[in-house]
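Working notes for the structure below.
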Amino acid sequence: MLLTHLALVAMIQGLTEFIPISSSAHLILLHHLSELPDQGQTIDIAVHFGTLLAVITYFWDDSKHIWSGLTKLLKGKVVSNDSFVALCLVVATVPAMVFGLFIKLLGYDMLMRDNILLIGIAMIVFGIFLWWADKKPNPITNETEISWSLKLSLKIGFWQALALIPGTSRSGITITAARIMGYSREHAVRVSMLMSIPVIIAATALSTVENHLNGNDFDFKIIVTALIFSYLAAYLAIAVMLRFLNSFGFLPYIVYRILLGAGLILWAIT
C-alpha cells in the first residue's frame, strides 16, 4: 500500500471517528469515489487502535478510573464509583455487540456498506435528529461530573446500535441520545467518547481474530504508520471539537452532514 493511501485512510478514520459525521461512511466513500483499493482488515485494525489510544490519552484521568473500575468489577467488587462507571460502559456496549453480530451473521453488513442511497439518507436524517436534540429544552445542570446510571447507559446503548447503519455516526447518535436524556453538550460528548472505548476494543478484537483466521499477514511498519497517523488525527479532532463546542455547538457538523447526504442521494439516483 502506498504511503499516501495509508495516510489518507488513517487520517480520515482519525478525523471522523469522534466527530458526528460518520467515519465508516467516509471510508466507504473513499473506496467508491477513488480507484484506490479497499484498505483491508489489517489497516482497519491499526487505525481503530490508533483512535482508541487517542481517546484514552485525551481522557487519561477518566481512562484510569475506568481501568481501575474494570479490574475491580472482574474481582466482583461493584461497590466503588469506578467499578459502577465501568459496569455502565459495559452495559452500554452490549446492544451494539449483539445487533452487530446478528447483522454480520446474516450478511447485511456488506449489503448496507455498498448502499450509497442508504448512507445519504442516514447522513441527513440523523443529522437533523442531532440538531433537534441539541435545540430542544433539556434539564441541563451545572454538575461537574457525569451522572451515570445503568438505565441511561442501556438506553444510550440501544441508540448506539443504530450506528451499525453506515452514515449514522456512532458519536453522533450517542451524543443525540445523551442530549435527549438531559446531558449538557460537554457531558454528552464526554459520555460518547468514553462509550467508544469498549466498542472500539470489542470491534478491534473481533477484527483481529478474523484477520488471523483468514491468514492475513501483518506488516509491522504499515501498522505502526497507520496507527500514528490515526492517533494524531483523532487527538486533533477531539481537541478541536471540545475547544469550539460552546461557540458553535454541533451546527457545522449538521450542515456538513445534510450537504453531503444530499449529494450522495443525487449521486445514487442519477
**Q.** Filtered residue count, the range 188-208, keeping only those that are without any contact (Cβ under 8 Å) to a residue 60 or more places away in the chain and buried (at least 21 other Cβ atoms within 10 Å of the Cβ)
**A.** 3
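Restricting to helices (runs of 4 or more DSSP H) lying wholly in the range 171-258: which have 2 or more residues that are closer than 17 Å to ALA54 by Cβ and in contact with a helix residue (DSSP H, G or I) (Cβ under 8 Å, 6 or more places away or on another chain)? Talk me through it step by step, then tell me what you get.
Values: elements: 185-213, 220-243, 245-248.
Result: 185-213, 220-243.
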Q) Identify, please: which residue in the range 43-54 is surrounded by 22 or more Cβ atoms within 10 Å (Cβ to Cβ), of a type in the set (A, V, I, L, M) and at pLDDT 85 or above and is, among those, nearest to MET241 (Cα to Cα)? A) ALA54
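Tell me whether the range 228-241 contains one or more residues that are touching a Ser or Thr at 6+ places or on another chain (Cβ under 6 Å) and under 18 Å from VAL9 (Cβ atoms). Break it down stepwise before answering.
Step one: of the range 228-241, the residues touching a Ser or Thr at 6+ places or on another chain (Cβ under 6 Å) are 230, 234.
Subsequent filtering for residues that are under 18 Å from VAL9 (Cβ atoms) retains 230, 234.
The answer is yes; a qualifying residue exists.
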Q.
Being closer than 27 Å to PHE248 by Cα, out of contact with any Lys or Arg (no Cβ under 6 Å at 6 or more places or on another chain), in a helix (DSSP H, G or I) and among the aliphatic types (A, V, I, L, M) is true for just one of LEU27, LEU87. Which residue is that?
A. LEU27
Q. Restricting to the range 60-84, what's the tally of residues that are of a type in the set (D, E, K, R) and farther than 25 Å from ILE238 by Cβ?
A. 3
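Considering only the range 62-81, state which residues are among the β-branched types (Val, Ile, Thr) and either free of Cβ contacts under 8 Å to residues at least 12 places away in the same chain or over 20 Å from SER192 (Cα atoms) (or both).
Filtering the range 62-81 for residues among the β-branched types (Val, Ile, Thr) gives 66, 71, 78-79.
Listed by number, the residues that qualify are THR71, VAL78, VAL79.
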Q) So which residues in the range 64-91 are at pLDDT 85 or above and β-branched (Val, Ile, Thr), if there are any at all? A) ILE66, THR71, VAL85, VAL90, VAL91
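The values are calculated or read from the model by the stated rules, or taken from the named source; none is laboratory data. Computed from a predicted model, the values in this text were never measured in an experiment. Note that we place each Cβ from the backbone using ideal geometry, even for glycine, and neighbour counts take in every protein chain shown.
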